[in-house]
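Written below as structure tokens is the structure these notes are about.
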Amino acid sequence: MANFPPSDGSIDGHEPRDARERPASGVEQSDLELVRRVQRGERGAFDLLVLRYQHRVVKLVARLLRDPTEAEDVAQEAFVKAYRAIGSFRGDSAFYTWLYRIAVNTARNTMASRQRRPLDYEAELSESEQSVVESRMRHGDTPEAVALSEEIHQTVNRAVEDLPEDLRTAIILREIEGLSYEEIAAAMDCPVGTVRSRIFRAREAIDRNLKPLLD
Amino acid sequence: MTDQIREQISALLDGELASGEISLLVRRMERDAELRRAFGNYVLAGESLRAPGGLTASPGFAARVSAALEADGAAVTTPPVTGRHAPRRWLRPLAGAAVAAGAALAAILFVPGGGEGGGQLAESTAVPPAMIVASLPPGGASPTPAQNQRMAGYLVAHGQYASAIGRRNAWSNALAADPGITRVALEIVERP
């Protein structure tokens with residue numbers, strides 16, 4: 001019988017170790033604001049959390065299941081469980097860490113219910129193993145998913161390359177380096193408001209390129 | 001849709017939007033699919049830059065989750081608060097018990113005064129109810145049957161000897177503390 005994750009999400013004590021997956025504290029604060037709103041009954045705030053973390057959760061679940069075709073179903077189940085349990089989220093950890101645990105447990109339950117051997121999470125989280133798992137996962141991807149993912153990646157990269165230098169620098173420092181607006185402002189020697197505007201304009205330019213692909 | 005709102009969305013994604021601006025923006029986004037789409041694409045662009053390749057959620061994924069929550073009627077559940085700030089379990093009013101308590105209170109208020117049993121109870125429970133409540137186990141533990149018995153005994157005796165206002169006050173305090181006290185009190189009243 002499948003075990004539901006405990007409401008505090010503390011199923012195995014493992015957290016994402018990839019620094020890229022660790023949100024900056026500003027993002028954590030923003031997530032916490034959204035969580036508090038969900039706890040007060042604002043469903044729309046949860047939709048934003050789903051939008052923010054859908055790709056990471058689907059990617060994580062696909063990696064664990066070794067079957068990308070059912071990754072979205074299991075990821076959806078994880079989000080539904082998270083919504084039901086969000087009343088118990090106290091903010092002791094980052095929201096994504098909590099969500100990550102629920103997703104791992106949901107994937108594990110799916111594996112158990114189908115009597116397949118789940119991946120070893122510790123091994124999965126180590127850097128060397130991760131690349132192996134990702135490679136396996138890519139082999140299992142459907143051709144359509146691979147093609148779409150590749151096209152998205154190329155479109156985003158092209159759009160970033162075409163940006164004026166100040167916008168390109170701002171978006172790279174934010175998205176790849178994970179710097180806060182204040183840190184970017186210091187690095188680029190400009191006001192924080194300018195950073196905010198540059199990042200927004202960069203995203204708008206990327207969005208204009210992505211929109212026809214995704215509509 | 002103005003650029004100003006979309007810029008707020010971009011700042012929200014980065015955790016750089018002022019707390020006071022979030023609520024209004026979330027409400028706008030709840031009503032506006034285009035704003036949600038923009039937010040989703042901003043996220044996707046960032047993910048693609050950080051971790052190229054591999055699977056991403058399909059374009060309709062977030063909408064499907066939202067529909068599943070809607071169809072499922074999933075509700076946010078709030079577990080009981082624990083720890084030192086938790087309200088005492090036995091202080092929590094229960095609807096059913098409250099109704100029963102109300103009925104029992106009315107019955108007891110009209111119990112004729114005097115009687116041998118009442119006198120004995122009054123003698124044996126000369127401790128004020130506030131002191132009894134204070135002696136109850138701390139930290140969310142339920143009162144013991146013996147404590148319930150003492151409190152109920154006091155209240156029944158009080159109901160027989162005190163004025164109507166006094167009776168009401170004593171019972172309101174006791175019921176607020178533990179609706180279940182009524183059951184014990186009724187047992188005492190009905191005792192032969």
| request: Please name all residue pairs, on different chains or six or more residues apart, with Cβ atoms under 7 Å, provided the first residue is in region A:149-165 and is more than 7 Å from every other protein chain (Cβ to nearest Cβ) and the second residue is assigned to a loop (DSSP other than H, G, I, E, B). | output: none
| Just wondering, is there one or more residues in region A:190-202 that are exposed (fewer than 14 other Cβ atoms within 10 Å of the Cβ) and over 22 Å from the mean Cα position of the chain (by Cα)? | yes
| Do any residues in region A:35-62 that are facing another protein chain (nearest Cβ under 7 Å) and small (Gly, Ala, Ser) have Cβ atoms under 7 Å from those of residues that are outside any helix (DSSP H, G or I) and crowded, with 23+ Cβ neighbours inside 10 Å, where the two are at least six apart or on different chains, and which pairs are they? | A:Ala62/B:Leu55
| request: Using the structure shown, decide if B:Leu69 is crowded, with 19+ Cβ neighbours inside 10 Å and either modelled with pLDDT of 95 or more or out of contact with any strand residue (DSSP E or B) (no Cβ under 6 Å at 6 or more places or on another chain) (or both). | output: yes
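Sort out which residues of region B:1-51 are part of a loop (DSSP other than H, G, I, E, B) and either of a type in the set (D, E, K, R) or under 13 Å from A:Leu34 (Cα atoms) (or both), and write them in order of number. I'd like the intermediate steps shown before the answer.
At the first step, the residues of region B:1-51 found to be part of a loop (DSSP other than H, G, I, E, B) are B:1-2, B:14-18, B:32, B:51.
Scanning region B:1-51 gives B:Asp14, B:Gly15, B:Glu16, B:Leu17, B:Ala18, B:Asp32.
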| task | Please find, within region A:168-186, the residue that is farthest from the chain's Cα centre (by Cα) out of those that are assigned to a loop (DSSP other than H, G, I, E, B) and facing chain B (nearest Cβ under 9 Å). | result | A:Ser180
| field | Qualifying positions in region B:20-50 - more than 7 Å from chain A (Cβ to nearest Cβ) and touching a Leu at 6+ places or on another chain (Cβ under 7 Å) | value | B:Leu25, B:Arg28
| said: Restricting to region A:76-91, give me the number of residues that are surrounded by 22 or more Cβ atoms within 10 Å (Cβ to Cβ), under 17 Å from the mean Cα position of the chain (by Cα) and facing chain B (nearest Cβ under 7 Å). | reply: 3
| Filtering region A:85-107 down to residues that are touching a Gly at 6+ places or on another chain (Cβ under 9 Å) and assigned to a loop (DSSP other than H, G, I, E, B), which residue is nearest to A:Lys59 (Cα to Cα)? | A:Ser93
| What are the pairs, 6+ residues apart or on separate chains, where a residue within region B:1-19 that is at the interface with chain A (Cβ under 7 Å from one of its Cβ atoms) has its Cβ under 9 Å from a residue that is assigned to a loop (DSSP other than H, G, I, E, B) and surrounded by fewer than 20 Cβ atoms within 10 Å (Cβ to Cβ)? | B:Ala11/B:Ala18; B:Asp14/A:Ala24; B:Asp14/A:Ser180; B:Gly15/A:Ala24; B:Gly15/A:Ser180; B:Glu16/A:Ser180
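The values are calculated or read from the model by the stated rules, or taken from the named source; none is laboratory data. All of these numbers come straight from a predicted model, not from anything done at the bench. We place every Cβ from the backbone using ideal geometry, glycine too, and count neighbours over all the protein chains shown.
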